[in-house]
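**Student:** Structure below; questions to follow.
FYI, it's all coordinate maths here, none of it is from the lab. Keep in mind it's a predicted model, so treat the numbers as computed, not measured. Glycine also receives a Cβ, built like all others from the backbone with ideal geometry; neighbour counts cover every protein chain displayed.
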Amino acid sequence: MKKKFCLIGIFITVFCFYYVFAGSIYSMYNDKKAYTTDDILTVIIVESAKAGSESGTSTNKKNNISLQAQAGTGALSFLPAMGASAGNGVDYGGKAGTTRSGNLVAKISARVVKVLDNGNLVIDGSKVVEINDEKEIIKISGIVRPQDIEANNTIYSYNIADAQITYSGKGVVHTGERPGLIARILNWIF
């Protein structure tokens, strides 16, 4: 009887060990990456852009004409001395500069909407966060290579081909930042 309990105990121990060990091996090699339509993956958006431009122009042009006559002699000595002078000058100087920078760091889930013939995935996703009647909207779309997807089913935005990332907002704060109607019309005219 002791042998039966001992064998049953060993069998249970071996079974439990096999189940735990095989399960951990299976989960280690069984990734949960997105591969098919309607699978979801997490996009880590890390975008930073900085651009600058500067230009300068300077033009200078001068024209000068001068004509002088001296006092007459002899019978014309009573005429005063005559002189003429003309001048023309053009001067232009211009300088312009622009600098723009932007940073966006976010996480968003995207859905696989199509699997291309070569195995690449077309993704599309959006996220709306509303706080105190202010909406922050992030949208992303693009093409992902399956080998760029990390083991934890994430991908960085710089690995997305034809990426279109939009970050916008709606609400009182965003409306207050826009110039008024008259200012927009004047900016359009001038």
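**Student:** May I ask for the net charge around SER53, where only other residues with Cβ less than 13 Å from the Cβ of SER53 are counted and Lys, Arg are +1 while Asp, Glu are -1?
**Tutor:** Its environment carries a net charge of +2.
**Student:** What does the charge count near LYS114 come to, summing +1 for each Lys or Arg and -1 for each Asp or Glu among other residues with Cβ under 11 Å from its Cβ?
**Tutor:** So the environment of LYS114 carries a net charge of -2.
**Student:** With Cβ to Cβ distances under 12 Å as the rule, what net charge do the other residues near LYS135 carry (K, R +1; D, E -1)?
**Tutor:** The answer is -2.
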